[in-house]
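Engineer: Sharing a structure below in structure tokens format, with a few things to ask.
No lab work stands behind these numbers, since they all come straight from the coordinates. The shown structure was predicted, so the numbers you read here are calculated from the model rather than taken from an experiment. Cβ coordinates were reconstructed from backbone atoms using ideal geometry, including for glycine residues, and neighbour counts include every protein chain displayed.
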Amino acid sequence: MTDADPPAEHESVPEENVLPMRHGVPVTEERGVAVLFPTRERYVEVVRALYDEGFRFCADLTAVDYLTHPGRALPEGVEPERFEVVVQLLSHEDRTRCRVRVQIPHDDPVIPTLWPVHPGTEAPEREAFDMFGIRFDGHPDLTRILMPEDWDGYPLRKDYAVGRIPVQFKGVPPPR
Amino acid sequence: MTTTHGPEWLRAETDEGRQELTDRRDTPPHELLRETGAVLRMSEAEAARLSEEPAASDETMIINMGPQHPSTHGVLRVMLELRGEEVLRSKPVIGYLHTGMEKTGEDLTYLQGPTNVTRMDYAAPFFNELVYCMAVEELIGLELPPRAVWMRMLLCELNRMSSHFLFQATNGMDIGAISMMLYGWRERDEILQVFEKITGLRMNHNFIRVGGVAADLPDGWEDDVLRMLDAFPPRLDEYDDLLTGQPIWRERTQDVGVITAEEAVALGATGPILRSTGVPWDLRRTMPYLAYDEVDFDVVVGSYGDAFDRYAIRLNEIRESMKIVRQCVERMPTGDYRVQDKKVTPPPRSRIDESMEALIHHFKLFTEGFKVPEGEVYTVVESPRGELGCYIVSDGGPRPYRMHIRGPSFVNLQTLPHMLRGGLVADAVAAISSVDPIMGEVDR
């Protein structure tokens, strides 16, 4: 991703296209793994296309809160947002992995669910909702999974403080 | 504690607050679809029709199995809807052991990280350390000395054996072969004693570190390991006598908790559950890491996808792991057990007394930690329970910006409603046991 000139490894890329694309979305290569950057609107469509391509297995789905690290490297044309949903896909036939990263804005943390394509994302999506407050539109049972039902806030967000016992000294840095 | 609330509608529009299995009368079709038909690619109407069978809902009842039930391996709570003895629907409810380890991981340096992750899957701690260290090493771009690689492989395979012995013990106990519990724990304990000799601890070793391992193998380790390898085969044959061919055991496990290959792949199941359906997918063979492409072993595959297959796969994986351990003993390379990179691995204690530079490196490593280049990486290893993954995002600092562990038990638990459906409560015990969930990893 940090490479200035990412290698165009897919045959579907037209010669004159400077920006490598795959299924119509920007793609980079990070340590031998193709990383696709679809928009929220094209997310499910791209994952479905990858499914047809052989990526039948959704290994993992998680989210990242980039609140305090906004300057990450993204391919041209991808607008950085606060949240990112990261999906790891695996093709059993080709023995390759690929990754899908979707940008999600802070003021509207909604993304369509992957559940119709990969039913195995049911629990990971619930976890991402539980920890980051990202709503998965169309998920059949979007409830907290690890935290108690009546918990306030989303613990893995960067502006959620880790628990700390108040120390009674002057000049103690406030809990982050 | 400061908390962050999402927008109001976010809370209002989700059915937050209902983790439990709802009454049949209150269950909308899409939820039934989740429980029954999603994997089979049914429509909502078909799923609803599936659930129509028991007409009056006072014939069914919802009961809790766990979180204190002994056969739920810790604090797994399974809500079952029963008609008599038959399980109609079920839902695992988890989170009782959640300790926020991913959040903690963001606050620990890369040097402290393995201490945290090793406590996740407490039956197979080496794999957690390994996957974390492999992720960090890939971000830095470290090349390990061969002895470190083979030591890691040796410890991991011994750990796979101890984890599968633990499974044999608990699985036997759950199904009623109580003596099996004693045998399984006995064998596991012998392995733990070897771990204690090598790492100093029986569990939660924090032995695999970024850049290699924490210490070299002690004198005489070969004898201990070889003595074990000689002692185990007759005992495994005893297991076969005691369980494999035994009619009661077969009655209890065969055709129980059946899952097909398509269902397993769709639900993200890995490890023995996926292999029991006939999919020969073992990351050690299919996407080799460490030096697994240099050792000789077989991938054990089942064909029926039932509890018996999963039992037999784990039993035979012990034998395969013993093969690998023997090769590790025979071919253990000499040399460094960790990278000689002063920025990553701390200097030996003796150097600190005589070298100012070593003292500075030591101080910097343990106060500030080492910096890891910016980037993201997802590494995987084949843990005894399946694909154990670690996703690390680094912002260039000494702590991971985000550390996520893909726990195989967590994902594998999703297969439970499919395994339990239509079975008896007694079979539910066998099916839960055959998934072999470790709650520390499920809840993290």
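Engineer: What does the extension gain come out to for residue B:59 and residue B:334, with contour length at 0.36 nm per residue minus their alpha carbon separation? Intermediate values should be presented prior to the final figure.
Structural biologist: Details: separation 275, 0.36 × 275 = 99.00 nm, distance 6.82 nm.
Additional length available on full extension: 92.2 nm.
Engineer: Continuing with this model, one more query. Select from the range B:358-429 those GluC sites (Glu not before Pro) which occupy a DSSP coil region and have at most 15 other Cβ atoms within 10 Å, ordered by residue number.
Structural biologist: On the way: sites: B:368, B:374, B:376, B:382, B:387; in loops: B:368, B:374.
Taking the range B:358-429 and a limit of 15 other Cβ atoms within 10 Å, the loop GluC sites (Glu not before Pro) found are B:368.
Engineer: Residue B:319 versus residue B:251, label points 7 Å from Cα toward the beta carbon: distance in nm?
Structural biologist: 2.7
Engineer: For residue A:34, list long-range residues whose amide hydrogen, built 1.01 Å from N in the peptide plane, is under 5 Å from its own amide hydrogen.
Structural biologist: A:99
Engineer: Order of A:37, B:363, B:126 from fewest to most other C-beta atoms within 10 Å?
Structural biologist: In order of increasing Cβ crowding within 10 Å: B:363, A:37, B:126.
Engineer: Pull up all non-local amide H partners of residue B:65: gap of 5 or more, or a different chain, and H-to-H distance under 5 Å with H placed in the peptide plane.
Structural biologist: Those qualifying (amide H under 5 Å, at least 5 residues apart or on another chain) are B:78, B:79, B:80.
Engineer: Which loop-located GluC sites (Glu not before Pro) does the range A:20-128 contain, where loop means any DSSP state but H, G, I, E or B and the Cβ has at most 15 other Cβ atoms within 10 Å?
Structural biologist: Details: sites: A:29, A:30, A:41, A:45, A:53, A:76, A:81, A:84, A:93, A:122, A:125, A:127; in loops: A:41, A:76, A:81, A:93.
Answer by residue number: A:41, A:76, A:93.
Engineer: A further question follows. Of the candidates B:121, B:427, B:395, which one comes out as most mobile in a Gaussian network treatment of chain B with C-alpha springs shorter than 10 Å?
Structural biologist: Most flexible of the set in this elastic network: B:395.
Engineer: Using a ≥ b ≥ c from the Cα gyration tensor of the range A:21-137 (square roots of the eigenvalues), is it rounded, prolate or oblate, where a/c under 1.5 gives rounded and otherwise the larger of a/b and b/c decides, a/b for prolate?
Structural biologist: Details: a/c = 1.70, a/b = 1.18, b/c = 1.44.
Since a/c reaches 1.5 but b/c is at least a/b, the shape of the range A:21-137 is classed as oblate.
Engineer: What are the membrane-span-like helices in chain B by this rule: whole DSSP H runs, Cα extent along the axis at least 15 Å, mean Kyte-Doolittle hydropathy at least 1.6?
Structural biologist: Values: long enough: B:125-140 (23 Å, 0.96); B:146-175 (43 Å, 0.13); B:178-199 (31 Å, -0.12); B:221-239 (27 Å, -0.70); B:307-331 (36 Å, -0.52); B:356-367 (16 Å, 0.57); B:425-435 (16 Å, 1.75).
Taking the DSSP H segments of chain B (at least 15 Å long, mean hydropathy at least 1.6), we get B:425-435.
Engineer: Let me ask something else about it. Restricting things to alpha carbons, tell me how big the range B:234-393 is in terms of Rg and Dmax, in Å.
Structural biologist: Reported Rg and Dmax, both Å: 22.3, 70.
Engineer: If the elastic network links every pair of Cα atoms under 10 Å, which of B:81, B:190, B:357 fluctuates the most in the Gaussian network model of chain B?
Structural biologist: Largest GNM mean-square fluctuation: B:357.
Engineer: If R0 is 45 Å, what FRET efficiency do you get for residue A:19 and residue B:356 from their C-beta distance, rounded to 0.05?
Structural biologist: On the way: r = 51 Å, r/R0 = 1.13.
Approximately 0.35, to the nearest 0.05.
Engineer: Another one. From the square roots a ≥ b ≥ c of the eigenvalues of the alpha-carbon gyration tensor of chain B, which class results: rounded (a/c under 1.5), prolate (a/b over b/c), or oblate?
Structural biologist: Working: a/c = 2.35, a/b = 1.41, b/c = 1.67.
Oblate.
Engineer: Turning to a different aspect of this structure: When the helix-only estimate is applied to chain B (DSSP H runs of n ≥ 4, each -39,500 (n - 2.57), divided by the residue count), what is the mean residue ellipticity at 222 nm, nearest 500 deg cm²/dmol?
Structural biologist: Details: 20 runs with 205 residues, N = 444.
Using -39500 (n - 2.57) per qualifying helix, the result is -13500 deg cm²/dmol.
Engineer: Another question, then. Report the net charge of residues surrounding residue B:284, where surrounding means a beta-carbon distance below 13 angstrom and charges are Lys +1, Arg +1, Asp -1, Glu -1.
Structural biologist: Working: positive: A:95, B:152, B:160, B:275, B:285, B:323; negative: B:157, B:282, B:293, B:294, B:296, B:298, B:317, B:320, B:382, B:387.
Local net charge: -4.
Engineer: Per-residue HN-Hα couplings for the range B:405-419, Karplus 6.51 cos²θ - 1.76 cosθ + 1.60 at θ = phi - 60°, whole Hz, x for Gly and Pro?
Structural biologist: These are the phi-based 3J(HN,Hα) values: 10, 8, x, x, 4, 4, 6, 4, 4, 5, 7, 4, x, 6, 6 Hz.
Engineer: Quick query: amide H of residue B:402 versus all other amide H atoms, modeled in the peptide plane; which residues come in under 5 Å with a sequence gap of 5 or more or a different chain?
Structural biologist: HN-HN under 5 Å from residue B:402: B:393.
Engineer: State, as an integer percentage, the relative contact order of the range A:88-160 based on alpha-carbon contacts under 8 Å between residues 6 or more apart. Before the final figure, lay out each step's value.
Structural biologist: Working: 77 pairs, mean separation 16.8, N = 73.
Here the relative contact order equals 23 percent.
Engineer: Net charge within 14 Å of residue B:166 by Cβ-Cβ distance, Lys/Arg positive one each and Asp/Glu negative one each, not counting residue B:166 itself?
Structural biologist: Details: positive: B:160, B:186, B:188, B:202, B:314, B:385; negative: B:121, B:174, B:187, B:189, B:190, B:317, B:436, B:441.
Cβ neighbours under 14 Å give a net charge of -2.
Engineer: Which Cα, out of B:404, B:430, B:316, lies furthest along the positive dipole direction of the protein assembly as shown (beta carbon charges, K/R +1, D/E -1)?
Structural biologist: Result: B:404.
Engineer: Next question, about the same structure. Quick one: net charge of residue B:245's neighbours, Cβ under 14 Å, K/R +1, D/E -1?
Structural biologist: -3
Engineer: Now for a different question. Starting with the fewest neighbours, write out B:78, B:256 ranked by other beta-carbon atoms found within 10 Å of each beta-carbon.
Structural biologist: Numbers: B:78 27, B:256 23.
Sorted ascending by nearby Cβ count, the order is B:256, B:78.
Engineer: Can you figure out the FRET efficiency of residue A:108 with residue A:52, using R₀ = 22 Å and their beta-carbon distance, to the nearest 0.05? It would help to have the intermediate numbers written out before the result.
Structural biologist: Values: r = 29 Å, r/R0 = 1.33.
Working from the Cβ atoms, E equals 0.15.
Engineer: Ok, one more. Put a dot 7 Å past each Cα toward the Cβ at residue B:364 and residue B:85; how far apart are the dots in nm?
Structural biologist: 6.9
Engineer: Let me ask you something else. How do A:118, A:92 rank when sorted from fewest to most other Cβ atoms within 10 Å of their own Cβ? Kindly include the intermediate steps, with their values, before the conclusion.
Structural biologist: Values: A:118 27, A:92 16.
Ascending Cβ contact count within 10 Å gives the list A:92, A:118.
Engineer: How long is the gain from residue B:115 to residue B:229 if the chain were fully straight, where each residue apart is worth 0.36 nm and the alpha carbon distance is subtracted?
Structural biologist: On the way: separation 114, 0.36 × 114 = 41.04 nm, distance 2.90 nm.
Going from the current span to full extension adds 38.1 nm.
Engineer: Can I ask one more? What residues of the range B:362-399 lie in the reach of a label at residue A:73, counting those whose backbone N is under 20 Å from a point 7 Å from the Cα along Cα→Cβ?
Structural biologist: Only B:371-379, B:391-399 pass the distance filter.
Engineer: Separate question: Mind giving me the nanometre distance, one decimal, between the label points for residue B:219 and residue B:69, set 7 Å out from Cα along Cα→Cβ?
Structural biologist: 5.3
Engineer: Take the protein assembly as shown, compute every pairwise Cα distance, and split them into 10 Å bins from 0; I just need the percent in each bin.
Structural biologist: 3, 16, 26, 27, 18, 8, 1, 0, 0
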